[in-house]
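Colleague: Once you've had a glance at the structure underneath, I'll fire off some questions.
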Amino acid sequence: PPANVAKMREGIALTDADRWGWLESLADWTAEREARGEPTIITCSALRRAYRDVLRRGGEDTFFVHSTGDKRTILERMNARDHFMPPSLLESQLDTLEPLQPDEHGMEVDVALPVDRIAALVLARLDLA
């Protein structure tokens, strides 16, 4: 939502309250697509398990790809991009992060890998290669 973008642009970390409506709208959107038999890929910072629980309401086969990497690499990439979320918010993101748990449908990938390798790993895991 524009209010969330404005907060981040100002270097203000989002709260759970800021995120719920946005997560619900993503879950609704993916549920609509699933009902039509359309596959969906979204990217977002579903940092907490509770956030991923909301997103899973969009479809029982929801699969999470958790991008992992060392803080330095992530910060370098953030500094090199043109995005509304400033690198100064990385620490708040890492503080909020709850990694995927063994009972969650998903996988981790290292952001240091080439993008085509990451895509191949995800496709293979989903048996879509």
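The values are calculated or read from the model by the stated rules, or taken from the named source; none is laboratory data. Not measured: the values here are computed from a predicted model. Reconstructed Cβ throughout: ideal geometry from the backbone, glycine too, with neighbour counts over all protein chains shown. Accessible surface is based on the protein model in full, side chains and every heavy atom, while ligands, DNA and RNA are left aside. Shrake-Rupley method; radii C 1.70, N 1.55, O 1.52, S 1.80 Å.
Colleague: Using a 1.4 Å probe on the protein chains only, how many percent of the accessible area of the chain belongs to carbon and sulfur?
Modeller: C and S atoms contribute 54 percent here.
Colleague: Considering only the other residues whose Cβ falls under 15 Å of the Cβ of Ile74, what net charge follows from Lys and Arg at +1 and Asp and Glu at -1?
Modeller: Around Ile74, the surrounding residues sum to -2.
Colleague: Then there is this: What is the local net charge at Thr30, summed over the other residues whose Cβ is closer than 15 Å to its Cβ (Lys, Arg +1; Asp, Glu -1)? Could the numbers behind the result be given before it?
Modeller: Numbers: positive: Arg33, Arg36, Arg52, Arg56, Arg57; negative: Glu24, Asp28, Glu32, Glu34, Glu38, Asp53, Glu60, Asp61.
So the environment of Thr30 carries a net charge of -3.
Colleague: Under 20 Å from the 7 Å Cα→Cβ point of Ala124, by amide nitrogen: which residues of region 49-90?
Modeller: Of the residues in region 49-90, 63-69 have backbone N under 20 Å from the label point off Ala124.
Colleague: What does the accessible area per residue of the chain come to in Å², with a 1.4 Å probe and no ligands, DNA or RNA counted?
Modeller: Details: 8420 Å² over 129 residues.
Counting only protein heavy atoms, the per-residue value for the chain is 65 Å².
Colleague: Note down the relative contact order for region 1-87 as a percent, whole number, built from C-alpha pairs under 8 angstrom at least six residues apart.
Modeller: The value is 36 percent.
Colleague: Pick from Arg72, Arg49, Arg57: which residue has the top mean-square fluctuation in a GNM of the chain where Cα pairs under 10 Å get a spring?
Modeller: Residue with maximal mean-square fluctuation among Arg72, Arg49, Arg57: Arg72.
Colleague: Would you calculate the separation in nanometres between label points at Asp70 and Asp82, each defined as 7 Å from the Cα along the Cα-to-beta-carbon direction?
Modeller: So the two model labels end up 3.0 nm from each other.
Colleague: Provide the packing ranking of 23-31, 7-15, 98-106, i.e. peptides ordered by the mean count of other C-beta atoms within 10 Å per residue, highest first.
Modeller: 23-31, 7-15, 98-106
Colleague: Using +1 on the beta carbon of Lys and Arg, -1 on that of Asp and Glu, and nothing else charged, what's the dipole of the chain about the Cα centre, debye to 20?
Modeller: I would put it at about 300 debye.
Colleague: Taking a ≥ b ≥ c as the square roots of the eigenvalues of the Cα gyration tensor of the chain, is the shape rounded (a/c under 1.5), prolate (a/b larger than b/c) or oblate? Please report the intermediate quantities before stating the final value.
Modeller: Working: a/c = 1.79, a/b = 1.17, b/c = 1.53.
Since a/c reaches 1.5 but b/c is at least a/b, the shape of the chain is classed as oblate.
Colleague: Next up: Suppose each label sits 7 Å from its Cα in the direction of the beta carbon; what would the Arg57-Asp103 distance come out to in nanometres?
Modeller: 1.9 nm
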